[in-house]
């Protein structure tokens, strides 16, 4: 059983790390898209208040969600590393 955990660990770690990286890619994509919408609304002299209001809410929410996912990922692996050192 212990050998099986050691064999699966790199694969599971890679999948978890890829989910964190993809979350940050998604968040930076959303932020870039929103900044592009802000720039476009200024260029077209459109309603900037709506775009600015949405961006003030959406950007911090996505950054918070990605930060929580990263915090949980790092916290889980620190705890796992400490447990393996004790064994």
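Shape verdict for region 23-82, please, from the Cα gyration tensor: rounded (a/c under 1.5), prolate (a/b greater than b/c) or oblate.
prolate
Put a dot 7 Å past the Cα of residue 77, heading toward its Cβ, do the same for residue 43, and the two dots end up 3.9 nm apart.
Since every read-out is calculated from the coordinates, none of them should be taken as a lab result. Being a predicted model, the structure only gives us computed values, none of them experimental. Using ideal geometry, Cβ is built from the backbone for each residue, glycine included, and neighbour counts are taken over all protein chains shown.
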